[in-house]
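Please read the structure below before turning to the comments.
The values are calculated or read from the model by the stated rules, or taken from the named source; none is laboratory data. It should be emphasised that the depicted structure is a prediction, and the values quoted were computed from it without experimental measurement. Cβ placement follows ideal geometry from the backbone for every residue including glycine, while neighbour counts extend to all protein chains displayed. These accessible areas exclude ligands, DNA and RNA; they are computed on the full protein's heavy atoms, side chains included. Shrake-Rupley method; radii C 1.70, N 1.55, O 1.52, S 1.80 Å.
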Amino acid sequence: MAVKEKNRLIVFDIEGVLIQKNMFFFQVGKTLGFFTLMKILVYGFLYEIGVFPLDVSLKCIFKKLKGQKIETLQGVFDQIPATPRPQNFFAQIKERNYRVALISSGLPTVIVKRLAECLGADYAYGIDVCVNASGEVTGEINGEAIEANGKMKILQKILANEGLTLRDCTVIADDRNNRCIYTAETKKIGYNPDFIIRIKSDHVVMGKLASILPILDNKKVKRSFPSTNDFVREDIHAAGFFMPVIARLIGVLPVAIFISVLSIIYLISEIARLYGKNLPLISAITRHAASQSELHGFAAAPLFYALGILLTLLIFPFPVSAVAIAVFALGDSTASIFGGLLGIRLPFNKGKTLEGSLSGFIFAFLAGSLFVAPWIAAVAAAIAMFVEYLPLPINDNILIPIVTATALMLLI
């Protein structure tokens, strides 16, 4: 295999890329009891929505871990499922003569080093967790990894040690905490990224880590055909089309109650699944519909999906609600199914494709035409697909039907 001349260092974020996002703190919290777990999840949520900066959120979390043995934390991490076949993936990275750095702002350095040894990475940086003479966590943390521009400071040290520059570096990350190393000089690959990283990335990869390899080789990524899980998931998504139809026949309130009860059952099922227990039927459906990353964590997408339909039914009158839900249910699911067939990436949001947006528009238009005049259906479909295309901070399962319905109120 040819040795690459550029991008000789690859930097990996860990949570969200190599392991399921937030899974470490969830698993640790489980060992400390329900109420401590809830507090940890709240601190994480406050960071996610921008109320707490990263360092404040992490300091609050690690105070809850005071008295825990560092070996216990390592043991918890060892039980977390990693991205499928990471050793094989990293072996192929090393074959390409790359140096590899793991930099985490959420995991203790001792754990990052343990992972680096397992994967054959050359550098490992994480949070410096203070431990007393008995090997117990004191609750205090520090280090560059939790500073505002800390990852860049760490990266510059690595580059200086390797005699490289930012132009020789590829960064693979998923969330906004990596913005400081997403510079103009680096090659940037967003892996299942949030909206900020999606915008800043040169390439976006959804699904398997192995899809990153052709990008490193400057080759065209092969077309991705939907898996069985993809079809099951999108069939469930498309079934939302029937909710406004049923609501028209029996009333909005019974349908709203049905969606709410089903959502509560699903929530209980997901919590049980994270504790290693299964709820009959619901857990089986989840296993056959969840993506690979969702299988190892909490699959929240169905809850956002149900909430989007529920709010649209309750807030907007028929036929506005019916059109908005119809174009959302069929358009979004169709775009996902056909989105990887040709791989013609759209500008600004490289996670979306031309064929996905066009197919989504066509099916959304057909669905909307069952309730309103074709020209109104076309407008609704265009709005839905435009919102689906935009990399926005609000989950599109909520945003698409709400924005579409709001726009339709001006037309109907």
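Averaged per residue, what accessible area in Å² does the stretch 129-230 show with a 1.4 Å probe, protein chains only?
48
So which DSSP H runs in the chain come out at 30 Å plus along the axis (Cα) with average Kyte-Doolittle of at least 0.0?
252-274
How much length is gained if the chain between residue 253 and residue 218 is pulled fully straight, taking 0.36 nm per residue apart and subtracting their Cα-Cα distance, in nm to one decimal?
Computed gain between residue 253 and residue 218 is 7.2 nm.
What 222 nm value per residue comes from the helices of the chain, counting each DSSP H run with n ≥ 4 as -39,500 (n - 2.57) and dividing by all residues, nearest 500 deg cm²/dmol?
One gets -16500 deg cm²/dmol as the mean residue ellipticity at 222 nm.
Using the C-alpha atoms of the stretch 102-250, what convex hull volume per residue, in cubic angstrom, is computed?
210
Is there a pair in 94/151; 30/352; 151/277; 59/187 whose C-alpha atoms are over 28 Å apart, and which pairs would that be?
With Cα atoms farther than 28 Å apart: 30/352; 151/277; 59/187.
Of all the accessible heavy-atom surface of the chain, with the other protein chains kept in place and a 1.4 Å probe, what percent is carbon and sulfur?
64
Percentage of Cα-Cα pair distances in the chain greater than 40 Å, rounded to whole percent?
The answer is 21 percent, as a whole percent.
Suppose the chain between residue 275 and residue 406 were pulled fully straight at 0.36 nm per residue; how much longer would it get relative to their current alpha carbon spacing?
Roughly 43.2 nm would be gained on extension.
Where Rh denotes the Kirkwood radius from the mean inverse Cα pair distance, what is Rg over Rh for the stretch 82-186?
0.99
Can you list residues from other chains, or at least 5 along the same chain, whose modelled amide H is less than 5 Å from the amide H of residue 10?
Distant-sequence amide H within range of residue 10: 99, 100, 101, 170.
Probe radius 1.4 Å, ligands and nucleic acids left out: which of 174, 217 has the largest accessible area, and how do the rest follow?
From most exposed to least exposed: 217, 174.
With each pseudo-label sitting 7 Å past Cα toward Cβ, what's the residue 30-residue 92 distance in nm, one decimal?
Taking the simple label geometry, residue 30 and residue 92 are separated by 3.0 nm.
Take every DSSP beta bridge with both residues inside the chain and express the antiparallel ones as a percent of the total, to the nearest 5.
Bridges in the chain are about 25 percent antiparallel.
If each residue of separation counts as 0.36 nm, what is the full-extension length gain between residue 156 and residue 133 once their alpha-carbon separation is subtracted?
5.0 nm
Once amide H atoms are placed 1.01 Å from N in the peptide plane, what residues at a sequence separation of 5 or more from residue 124, or on another chain, have their amide H within under 5 Å of its amide H?
Excluding prolines and chain starts, which carry no amide H, the hits are 102.
Can you give me the accessible area per residue for the stretch 15-70, using a 1.4 Å probe, in Å²?
It amounts to 48 Å² per residue over the stretch 15-70.
Which FRET efficiency, nearest 0.05, do residue 118 and residue 311 yield, Cβ-Cβ r, R0 45 Å?
Given R0 = 45 Å and the Cβ-Cβ separation, E is 0.50.
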